[in-house]
């Protein structure tokens with residue numbers, strides 16, 4: 001065990017012989033199968049916490065799996081390190097092929113760079129699916145090649161890109177992946193004329209919302225909703241118990257959350273933005289590593305997020321009921337004429353009890369933008385005349 | 001052929017011997033199978049025209065099918081007569097069992113009573129699924145028994161009731177079956193801020209609307225829609241050609257349709273109600289035999305129909321798009337608090353191109369009511385304080 005401990009200080013010349021290509025190169029079909037397995041492993045890790053879900057499989061020269069690993073969450077070893085630690089002789093990967101869903105990082109964060117660990121362990125070849133988009137963490141592939149390791153990127157790239165798209169999108173844009181959720185009647189109402197809204201949807205739909213909260217890094221609500229509903233914004237099981245993963249509640253607006261608000265006892269604490277500047281809010285959340293945010297409303301906040309082009313995903317719970325009246329799930333989106341309609345693509349329809357859950361994404365997703373320019377996101381539809389007005393929550397809308 | 005011509009004047013005593021029970025009674029399983037076949041035959045007839053879809057199978061004593069028939073539409077022979085005319089010796093049904101989806105009529109309308117025709121033809125036994133609810137046409141079963149024919153009603157009644165429910169409901173309530181259709185974005189909007197709405201839904205959804213028009217006796221629109229859109233309200237194929245069956249356009253409101261309106265050249269003509277009194281309008285349509293009406297809007301008319309409790313069926317086309325703003329597919333429904341929400345039951349979700357078609361019915365359908373009392377329909381939800389205001393189209397709503 002001692003002699004195979006990874007040596008960070010090993011020179012490239014010392015390491016070179018171990019990196020010689022294996023006598024027999026693992027064939028493409030076996031590699032693809034291993035990438036699929038690595039994606040399965042990746043899915044075992046948490047979706048929240050800011051880090052990507054990554055899986056790793058180590059193959060010998062005959063294509064047989066020698067070890068598997070995945071990332072268990074921020075602050076724990078990356079997938080490659082997890083797999084290396086499970087080798088018969090831990091961290092002795094001489095002659096092996098490492099299959100990873102994401103390009104090995106080249107960055108010393110809470111853990112050391114995976115590129116160096118793979119070099120030190122003596123892997124002969126690295127195959128990854130998707131390139132690391134991180135400004136600080138990319139370059140792992142180049143570093144590995146530099147050290148004499150054979151590197152193949154882009155294997156099953158589309159599958160892996162889809163699997164990681166929320167995280168990849170967040171990193172590329174420098175802002176969180178934004179899921180906007182609302183519940184309405186079939187006629188688009190979120191409450192009756194007197195403001196009552198409990199309950200529009202049934203227990204199965206409401207339980208799903210708790211699960212979605214638990215799979216989010218943060219829940220965004222406007223101050224109006226906090227003042228009107230005094231919500232707890234916790235993620236709870238169907239017995240009312242707190243789920244293991246809780247999102248951070250974020251209250252957007254200038255009004256302070258009351259001292260006696262239920263939200264003040266949230267297990268994750270509370271972020272009050274003190275501003276309605278959505279670009280600033282999202283940049284701040286990104287800096288905190290809150291990559292998946294779940295917008296719960298009310299209508300004013302949801303409309304402002306959509307109008308500004310920040311909605312990456314829509315979860316629309318439709319109750320088989322009609323209410324009429326003026327309490328709409330969405331307010332004004334700054335759209336003047338039909339050609340400016342914000343077109344979506346339905347990605348799923350699911351029956352939950354008596355209700356329907358319609359999931360959708362923008363028909364033409366916004367292009368990745370420079371974080372510094374995120375106040376004016378790329379969008380195919382004109383939403384307003386000035387960036388300032390699209391990113392501020394309008395105060396004329398109720399709730 | 002001449003000797004088997006039905007004799008309307010045949011006395012019961014003359015006919016009696018032919019009505020003796022067959023030596024061998026057709027067993028229940030064979031009868032049920034024949035009812036199912038009769039329902040298939042019924043479905044071959046038109047859904048419009050005011051008459052029910054009815055099928056008839058004639059079985060011999062061994063349960064073998066001797067003849068089949070169905071109703072081809074108003075003014076043509078009823079299903080029983082159609083089947084009798086197809087016998088090897090037409091109208092000689094001595095010893096046969098007649099299977100009919102609806103109780104044979106006892107009424108001389110455009111055709112003679114089927115009860116008398118079956119008696120004259122010498123059938124031994126009549127089995128029907130659903131009793132005739134018509135005030136003028138019912139009593140056929142009793143008349144047959146009186147003539148010595150063995151009669152069994154209610155076989156596969158639930159299936160036949162479901163098959164005929166639109167017609168049965170219309171006859172029982174003394175008003176047409178009302179289908180309310182609208183197309184909206186996922187946020188419940190029917191148009192953009194400037195009033196443009198072409199097109200919210202795609203070609204597949206719009207073609208389906210034409211097919212639904214063609215399966216309706218009448219299309220109802222408000223005067224606002226006629227003035228705003230100048231619609232043709234014809235049922236057209238995907239090449240723009242007129243379909244064979246055209247609905248009667250009915251314009252509800254006090255404003256006259258302009259002399260140069262496209263609607264004035266509709267192939268079925270035009271009904272202008274001159275009133276917004278929905279109870280009076282529906283009673284008039286019922287009197288004209290227009291049993292299936294399709295409410296196309298606008299929002300004011302659709303909302304008034306729903307608020308008054310007249311909507312028997314909802315067809316909601318949801319486009320994967322968002323518009324925001326104030327042009328709603330439905331306006332006010334007179335609902336004050338969540339407990340009064342008009343609850344529906346989703347009966348289907350279908351993808352049509354990029355759009356969704358959600359079909360629904362009232363969760364608790366209105367009870368059959370006396371036609372004279374239809375101005376205040378039975379309903380489980382409070383809709384307004386006075387019947388007068390619920391049945392008049394409010395003038396404050398736009399469109």
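State which residue is surrounded by the fewest Cβ atoms within 10 Å (Cβ to Cβ) when the search covers only the range A:195-225 and only residues that are at pLDDT below 95 and within 14 Å of chain B (Cβ to nearest Cβ).
A:198
For the range A:366-385, name all the residues that are at pLDDT 50 or above and either in contact with a strand residue (DSSP E or B) (Cβ under 9 Å, 6 or more places away or on another chain) or surrounded by 18 or more Cβ atoms within 10 Å (Cβ to Cβ) (or both).
Within the range A:366-385, none qualify.
Here is a check on your reading of the model: is residue B:353 touching a helix residue (DSSP H, G or I) at 6+ places or on another chain (Cβ under 8 Å) and crowded, with 20+ Cβ neighbours inside 10 Å?
Judged against the criteria, residue B:353 is not a match.
If you check residue B:178 against the conditions, is it under 14 Å from the mean Cα position of the chain (by Cα) and outside the structural domain of residue B:48 (by TED's automatic domain parsing)?
In short, yes.
Going by the structure shown, is residue A:335 over 18 Å from the mean Cα position of the chain (by Cα), more than 22 Å from residue A:225 (Cβ to Cβ) and either touching a residue at least 40 places away in the same chain (Cβ under 8 Å) or crowded, with 24+ Cβ neighbours inside 10 Å (or both)?
In short, yes.
Those residues that are over 12 Å from residue A:297 (Cα atoms), touching a helix residue (DSSP H, G or I) at 6+ places or on another chain (Cβ under 8 Å) and either free of Cβ contacts under 8 Å to residues at least 40 places away in the same chain or assigned to a loop (DSSP other than H, G, I, E, B) (or both), I need them from the range A:218-230; list them, please.
A:230
Which is under 30 Å from residue A:362 (Cβ atoms) and in the same structural domain as residue A:32 (by TED's automatic domain parsing), of A:90, A:133?
A:133
In this structure, is residue A:183 outside any strand (DSSP E or B), under 28 Å from residue A:205 (Cα atoms) and touching a helix residue (DSSP H, G or I) at 6+ places or on another chain (Cβ under 9 Å)?
no
Taking the stated definitions as given, is residue A:166 assigned to a helix (DSSP H, G or I) and either touching a strand residue (DSSP E or B) at 6+ places or on another chain (Cβ under 6 Å) or within 8 Å of chain B (Cβ to nearest Cβ) (or both)?
So residue A:166 fits the description; yes.
When residues of the range A:231-253 are filtered for being part of a strand (DSSP E or B) and closer than 26 Å to residue A:282 by Cβ, how many remain?
5
Which of the following residues is within 14 Å of another protein chain (Cβ to nearest Cβ) and modelled with pLDDT of 95 or more: B:151, B:180, B:155?
Within the list B:151, B:180, B:155, the selection yields B:180.
Kindly list the number of the only condition in (1) more than 14 Å from chain B (Cβ to nearest Cβ); (2) assigned to a helix (DSSP H, G or I); (3) touching a strand residue (DSSP E or B) at 6+ places or on another chain (Cβ under 7 Å) that fails for residue A:282.
For residue A:282, the exception is condition (3).
Of all residues in the range B:35-73, which are in a loop (DSSP other than H, G, I, E, B), touching a residue at least 40 places away in the same chain (Cβ under 8 Å) and in contact with a helix residue (DSSP H, G or I) (Cβ under 6 Å, 6 or more places away or on another chain)?
Passing the criteria: B:52, B:53, B:54.
Which of the residues belonging to the range B:122-133 are crowded, with 20+ Cβ neighbours inside 10 Å and without any contact (Cβ under 8 Å) to a residue 40 or more places away in the chain?
Selection gives B:126, B:128, B:130, B:132.
Within the range A:134-154, which residues are in contact with a strand residue (DSSP E or B) (Cβ under 8 Å, 6 or more places away or on another chain), assigned to a loop (DSSP other than H, G, I, E, B) and surrounded by fewer than 19 Cβ atoms within 10 Å (Cβ to Cβ)?
A:153, A:154
So which strands (runs of 3 or more DSSP E) stay within the range B:292-364 end to end and still have 1 or more residues that are at the interface with chain A (Cβ under 10 Å from one of its Cβ atoms) and closer than 12 Å to residue A:321 by Cβ?
Filter on the range B:292-364 gives B:313-319, B:342-352, B:355-362.
The values are calculated or read from the model by the stated rules, or taken from the named source; none is laboratory data. Keep in mind that this is a model prediction, so the values were computed, not measured. For neighbour counting, all protein chains shown are included, and Cβ atoms are generated from backbone atoms with ideal geometry for every residue, glycine included.
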